[in-house]
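Heads up: the structure comes next, in structure tokens.
The values are calculated or read from the model by the stated rules, or taken from the named source; none is laboratory data. Remember, predicted model here, so these are calculated numbers, not experimental data. Cβ placement follows ideal geometry from the backbone for every residue including glycine, while neighbour counts extend to all protein chains displayed.
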Amino acid sequence: MNAATRRNFHALKAKDVEKAMKGQLPDGRHGDGQGLSLQVRNNGGAASFVFVTNPPLPAKQRQYSIGSVMVLARGCGDPDVYTQAAYALKMARAAAAKMRENIANGMPARKAKAVARTVVTLQNIVDYYCEQKSVPYSKIQKYVEPYRAIVKANVDGVFNRDMSLQYRDKLLKTLKPVTVKTNLKMLSAMFSLYIIDKESDMRNPFLKVSVQDAESEMGRRDPMPIETIKAVRANLKGDYQTIWNLLTLSGARLGEIVGIKSADVLDNGFLRIESNDKRTLKNASSRRIIPTLIDLPKRESEYYFEQTVNAATAQLSKVIRTVTPDTKITTHSLRHSVTDKLREGNVQTEQQDMYLGHAPNSIAAKTYGGLESRAKVLAQNINPVMKAYASVCGIEFAGDQEILQKSFDTWSEKTFEDSSKSDDGKD
């Protein structure tokens, strides 16, 4: 690159793009050099980046749109207009560089433009994941924001492995390895969904990013001793004690219990667990109907509990820590305790998976039929084991076999019709 070319290369400043976003830049084509220009039209009302070819005469110049300034800026995810402008300029330069490279390699300009415009922003990936999974951004914000900060500092139009390693190392400074591993899995899933559905040639930068010393599920949580269960329960009142009782006997995840709707408390002694606006489920197998096991009076409110998942987590964790300093004992420990009790009670593995909402590990787990059939199987095999466990934990049990048998006699094909999705594991 000679001196004259260098003077005209990267001639645009982020301030120029900011002015264009605010409608303060005059109409016309503002060159950045090497084919890239910022084109402003409609008295400053529209601005986009364009790439202009400069073929040897007598061929004519041709102009190709790289993208709207506002669209590129949106990928930044920062409310500051100047930061958005700087991001848009970097993304446009990355696309222009890709066009120059492809044209130099003999690719027709029109095709080179199509390839260049496939530059994907983090916001594209985040928005697509939220749309396809029907989750609000607030649910995944804690995974995305630390990575967004790295992307902003390294924008070159490509998500590379170095950024992923920076993200991992940044999290390891404040989080446990197993938590970092969870974050990496989430971002990898987001990239994979976008790449597969959009048939993108982009590589997933989070594939096989390892975390040393990430403990196993069993290693990081211990089952909760009976005395601890009883001590925590004694320190809880009202709905928090009801939530605790349900967690203790169902082994369900905290979010699953806190997020139940009043309509999910069925008249026949069963509890429906499925996705709703308050919370999502971990996987398709988490959607299930299980015996209630404790008395849950009917309520008129939309959601049975008014507490949010975060509030319930904070309150229960606080009480647990007053009872035991062992950090391996958490609310999730109740789930491990139930698993142990079911195993000790010789409940089949397939039935344990149905009860706890685990993904089935065998063909046998798929032979129990629909929701009604599975609910009966669970009540007949789980309830006797959990009745004894409830007695030891000091919880009043409400799932006696005689009561449930009367319920079975009244069941019809419409018993669970409120559950709107099929139980095929594909939802």
Next item on the list: Output the qualifying pairs, or none if there are none: Cβ atoms under 6 angstrom, residues six or more apart or on different chains, first residue in region 379-395 and part of a loop (DSSP other than H, G, I, E, B), second residue surrounded by fewer than 21 Cβ atoms within 10 Å (Cβ to Cβ) and at pLDDT 90 or above.
Entry: Gly394/Lys230
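Residue by residue, here is whether (1) over 21 Å from Gln352 (Cβ atoms); (2) under 25 Å from the mean Cα position of the chain (by Cα) holds:
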position: Arg288; (1), (2): no, yes
position: Asp295; (1), (2): yes, no
position: Ser301; (1), (2): yes, no
position: Thr313; (1), (2): yes, yes
position: Arg321; (1), (2): yes, no
position: Pro325; (1), (2): yes, no
position: His332; (1), (2): no, yes
Check: Which of (1) free of Cβ contacts under 8 Å to residues at least 12 places away in the same chain; (2) under 14 Å from Phe206 (Cα atoms); (3) surrounded by 14 or more Cβ atoms within 10 Å (Cβ to Cβ) is the odd one out, the single condition Leu175 does not satisfy?
Finding: (2)
Next item on the list: Report yes if Met218 is modelled with pLDDT under 90 and in a helix (DSSP H, G or I), otherwise no.
Entry: yes
Checklist line | So Gly255, is it under 21 Å from the mean Cα position of the chain (by Cα) and under 30 Å from Ser301 (Cβ atoms) | finding: yes
Notebook entry, point to check: Name the helices (runs of 4 or more DSSP H) wholly within region 263-371 that hold at least 3 residues that are of a type in the set (Ser, Thr, Tyr), more than 20 Å from Met386 (Cα to Cα) and modelled with pLDDT of 85 or more?
Noted result: 309-323
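Results for (1) surrounded by 15 or more Cβ atoms within 10 Å (Cβ to Cβ); (2) in contact with an Asp or Glu (Cβ under 6 Å, 6 or more places away or on another chain); (3) more than 22 Å from Lys376 (Cα to Cα), shown as yes or no for each residue.
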residue: Tyr194; (1), (2), (3): yes, no, yes
residue: Trp244; (1), (2), (3): yes, no, yes
residue: Leu249; (1), (2), (3): yes, no, no
residue: Asp277; (1), (2), (3): no, no, yes
residue: Thr280; (1), (2), (3): yes, no, yes
residue: Arg288; (1), (2), (3): yes, no, no
